[in-house]
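Here the structure is laid out as structure tokens; the discussion comes afterwards.
Just so it is clear, none of the values below were taken in a lab; they were calculated from the coordinates. Fair warning: this is a prediction, and the values are worked out from it, not measured in the lab. Here the Cβ positions follow ideal geometry from the backbone for every residue, glycine too, while neighbour counts run over all protein chains shown.
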Amino acid sequence: MNVDQALQDILATPKNIVITSHQKPDGDALGSSLALYGFLTFHQHKVDVIFPTDFPDYYNWMPFIDITQIANKTDAQKASFLNADLIFCLDFNSIDRVEEVKEQINQSKAIKVMLDHHLKPQLFCDYNYSSPKSSSTSEMVYDFIIAIDRDYQLTREVAECIYTGILTDTGGFQFSCTSNATHIVASKLLEAGIEPDIIFNNCYNNFSLDRLKLFGFCLDQKLKIIRDSVAYICIGPEEKKKFNIQEGDTEGLVNFPLKIDNIGISVLFKQDEGKIKISFRSKHQIDVSAIAREHFHGGGHRNASGGTSYESMEKTVEKFEKSSMN
Ligand SMILES: [Mn+2]
């Protein structure tokens, strides 16, 4: 990665920095933010990590997780944004993904830096590092760190954060975004002393009994298959109540229908307050980001995207069935 010399010069002396990432932070949002936090605080910067909304409890084991803040519009937090010299925007490329801190970012005179790997970036920062070829923003943070400080000795904590982001965004090194470079970075992280089995268990083998039963129920009772190749699951208030669904509990469910040989697209529709949250997954060359972008106010990656619908569940599914025809 080529990091502009001007930005490197700015970072050469201690600064006030805010790091933020997208709503409902996932492993990559958390991993990239916390890795960058570890690196920047090592270089004596004063850093606040502020997420727009809360993250699932099963990430509570992550290094530095205790220093994170959730957006609350308190005076202290407003001051963090206003007094920041720099704001890092990680793992999102449109200001609409950070509704809860949008105003603070827009009002702040800080220099803004985007590090992101999603398609179709909106270049809303002063420095925009967009790399859709990278597996994850965490992999980009590794590149960023090395570009700025060749001699930096990767700590185990920072390595654990980067590995978490890479692991979760590649689905355990299985998605097409996993590259030669991804594995080289992973090898550096292993050299820094991370234990991959522990991180894997923390990220994936962490279900509550309710959550496992929810998965079983959805696959048994809610899975619909159309045209032999497209699968979808709808989750409404009933399931939410029955299985006591918590934030993050449906994470990963959308991947299961892809285990069927001839299924190329899998979608999860989840009723939220006043809207339906949609996750899209696909195999091979099938591009679900176009469906998400063109029909459901969303976007993302070719094989993994997200969107939102403000119509009823029935109408949303109908619209999806039509839009996925070609
Ligand atoms: Mn990501």
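Taking every pair of distinct Cα atoms and averaging 1/r, then inverting, what Kirkwood hydrodynamic radius in Å comes out for the stretch 209-323? Intermediate results must be reported in sequence, preceding the final value.
On the way: mean 1/r = 0.0710 Å⁻¹.
The answer is 14.1 Å.
Quick one: of K241/K270; K242/K275; K275/K319; K133/K277; K24/K322, which pairs are farther than 22 Å apart, Cα to Cα?
The answer is K133/K277; K24/K322.
Which of F81, F280, F243 moves the most in a Gaussian network model of the chain with Cα springs under 10 Å?
Answer for the Gaussian network model of the chain: F243.
Only helical DSSP H runs with n ≥ 4 go in: add -39500 (n - 2.57) per run for the chain, normalise by residue count and round the 222 nm mean residue ellipticity to 500 deg cm²/dmol.
The helix contribution divided over the chain gives -11000 deg cm²/dmol.
Determine ³J(HN,Hα), in whole Hz, for all residues of the stretch 5-10 in sequence, where each value follows from phi through the Karplus function 6.51 cos²θ - 1.76 cosθ + 1.60 and θ = phi - 60°; x replaces Gly and Pro.
Values, residue by residue: 4, 4, 5, 4, 5, 4 Hz.
Give the value in nm², to one decimal: projected area of the alpha carbon convex hull of the stretch 101-229, averaged over all directions.
Directional mean of the projected Cα hull area for the stretch 101-229 stands at 12.1 nm².
Under the 0.36 nm per residue contour assumption, what length would be gained going from the current alpha-carbon distance of Q107 and Q8 to full extension?
Contour length minus Cα-Cα distance gives 33.3 nm.
Report the extension gain between L209 and K188 in nm, rounded to one decimal, defined as 0.36 nm multiplied by the number of residues separating them, less their alpha carbon distance.
That pair, L209 and K188, stretches by 4.0 nm at full extension.
How far apart, in nm, are the 7 Å Cα→Cβ label points at E195 and Q221?
So the two model labels end up 3.9 nm from each other.
For the chain, what size does the Cα cloud have along each of its three principal axes, sorted from largest down, in whole Å?
Over the chain, Cα extents along the principal axes are 58, 42, 37 Å.
From the phi of every residue in the stretch 271-285, what ³J(HN,Hα) in whole Hz does the Karplus formula 6.51 cos²θ - 1.76 cosθ + 1.60 yield, where θ is phi - 60° and glycine or proline is x?
5, 10, 6, x, 7, 10, 8, 10, 10, 10, 9, 8, 10, 6, 7
Determine the distance separating the Cα centre of the stretch 124-201 from the Cα centre of the stretch 6-51; give it in Å without decimals.
So the two Cα centres are separated by 15 Å.
Under the classification rounded if a/c is under 1.5, otherwise prolate if a/b is larger than b/c and oblate if not, where does the stretch 1-134 fall, given a ≥ b ≥ c as square roots of the Cα gyration tensor eigenvalues? Each step should come with its number before you reach the end.
Values: a/c = 1.21, a/b = 1.10, b/c = 1.10.
It comes out rounded by the Cα gyration axes.
Cross-link candidates for K78: which aspartates and glutamates have Cα within less than 16 Å, leaving aside residues fewer than 8 places away along the same chain?
D48, E99, E100, E103
How would the stretch 1-54 be classified by its alpha-carbon gyration tensor: rounded, prolate or oblate, with rounded meaning a/c under 1.5 and the a/b versus b/c comparison settling the rest?
prolate
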